[in-house]
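Structure first, then comments.
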Amino acid sequence: MRIGILGDVHANMEALTQVVEAMRTESIDHWVQVGDIVGYGPEPCEAMDLVLQELQCTVCVGNHDAAVVGLLDPEYFNSYARQAIEWTRAHLRPQDFASLKQLPLVVEHADYTLVHGTLHMPELFGYVLTQVEARESLRQQRTRISFVGHSHVPAIYIERPGVNELEMISGAEPQTTFPEDASVLVNVGSVGQPRDEDPRAAYCIYDTQTRAVAIKRISYDIAAVQDKIRKAGLPDMLADRLALGV
Ligand code: ZN
């Protein structure tokens, strides 16, 4: 089975449609999204429809998704994120609130586990940025591979039995084929707001047969979404950062 994994979408339809078009050439059998469909971006309803209805993604809840529906206190967010959460609340349809409220913190599928932050504290939405957090999360992992988001920075962590150090594969487009007895955590990067100083949208492909996992990048029309962000009255900073990938 070939699994297509979407990271933090953040209501950026320019990035999402470009990514989905590229992924449709990859023979995807099963679609997954690691949370934060909404927040920051100007088209939350359209992003919800594409992820949940059209692609029928298996999804876990992100911190922005949770805050928008009142399951997480917006005080935990910086002022730009808070303004975007308020804006998103005012623009979603009733059915979107119902859909977001139903998203689980963790999804344990036969072939993978999904969590937005970490498996050792999913409700706190911690970041996986180093081997330290990856190791803690891997301790709670019962499937061969997990997919996480939240940091918007791609990386693959591989734990081999009997080997003390975790292997970390980083860079804009990390990829590997891992051994059968390894445990793997993939931080899939972000579709709609990359933060690794590479503004291109990220997406991930995993083949359960070959155990090949790859994060790929694709350019999209950043100016178009920046224009929509400004016209929507969202903070300018949320438009500016997209061009820098921060
Ligand atoms: Zn996010």
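The values are calculated or read from the model by the stated rules, or taken from the named source; none is laboratory data. Being a predicted model, the structure only gives us computed values, none of them experimental. We place every Cβ from the backbone using ideal geometry, glycine too, and count neighbours over all the protein chains shown.
Taking residues in segment 198-211 that are without any contact (Cβ under 8 Å) to a residue 24 or more places away in the chain, and partners anywhere that are among the polar types (S, T, N, Q) and in a strand (DSSP E or B), not one pair has Cβ atoms closer than 9 Å while being at least 6 places apart or on different chains. The set of residues in segment 8-36 that are in a loop (DSSP other than H, G, I, E, B) and away from the ligand (no atom under 16 Å from the Cβ) comprises Arg24, Thr25, Glu26, Ser27, Ile28, Asp29. Selection of segment 40-68 for residues being away from the ligand (no atom under 11 Å from the Cβ) and not aliphatic (A, V, I, L, M) yields Pro42, Glu43, Pro44, Cys45, Glu46, Asp49, Gln53, Glu54, Gln56, Cys57, Thr58, Cys60. In segment 75-93, the count of residues that are over 16 Å from His150 (Cβ atoms), under 15 Å from the mean Cα position of the chain (by Cα) and away from the ligand (no atom under 16 Å from the Cβ) is zero. Listed by first and then second residue, the pairs with beta-carbon distance under 9 Å, at least 6 apart or on different chains, first residue in segment 115-126 and at negative phi, second assigned to a strand (DSSP E or B) and within 15 Å of the ligand (Cβ to nearest atom), are Val115/Phe147; Val115/Val148; His116/Asp8; His116/Val148; Gly117/Val148; Thr118/Val148; Leu119/Val148; Pro122/Val115. Taking the numbered list (1) surrounded by fewer than 23 Cβ atoms within 10 Å (Cβ to Cβ); (2) within 16 Å of the ligand (Cβ to nearest atom) in turn, Glu159 passes all entries but (2).
May I ask you to list the residues in segment 145-159 that are part of a loop (DSSP other than H, G, I, E, B) and under 12 Å from Val115 (Cβ atoms)? Gly149, His150 - these are the residues of segment 145-159 that are part of a loop (DSSP other than H, G, I, E, B) and under 12 Å from Val115 (Cβ atoms). Considered as a group, the residues in segment 205-233 that are under 20 Å from the mean Cα position of the chain (by Cα) and among the charged types (D, E, K, R) include one that is surrounded by the most Cβ atoms within 10 Å (Cβ to Cβ), and that residue is Lys216.
Among the conditions (1) in a helix (DSSP H, G or I); (2) within 12 Å of the chain's Cα centre (by Cα), the only one that Ile5 does not satisfy is (1). Of the set (1) closer than 20 Å to His152 by Cβ; (2) modelled with pLDDT under 95, all apply to Glu75 but (1).
Only one of the listed residues (Arg135, Arg142) is touching a residue at least 24 places away in the same chain (Cβ under 8 Å), more than 15 Å from the ligand (Cβ to nearest atom) and not in a loop (DSSP other than H, G, I, E, B). That residue is Arg135. So Ala90 fits all but one of (1) assigned to a loop (DSSP other than H, G, I, E, B); (2) of a type outside the set (D, E, K, R); (3) surrounded by fewer than 20 Cβ atoms within 10 Å (Cβ to Cβ); (4) out of contact with any strand residue (DSSP E or B) (no Cβ under 6 Å at 6 or more places or on another chain); what number is the exception? Unmet for Ala90, out of (1) assigned to a loop (DSSP other than H, G, I, E, B); (2) of a type outside the set (D, E, K, R); (3) surrounded by fewer than 20 Cβ atoms within 10 Å (Cβ to Cβ); (4) out of contact with any strand residue (DSSP E or B) (no Cβ under 6 Å at 6 or more places or on another chain): (1).
Residues in segment 119-132 that are part of a loop (DSSP other than H, G, I, E, B), surrounded by fewer than 22 Cβ atoms within 10 Å (Cβ to Cβ) and within 16 Å of the ligand (Cβ to nearest atom): Gly126, Tyr127, Leu129.
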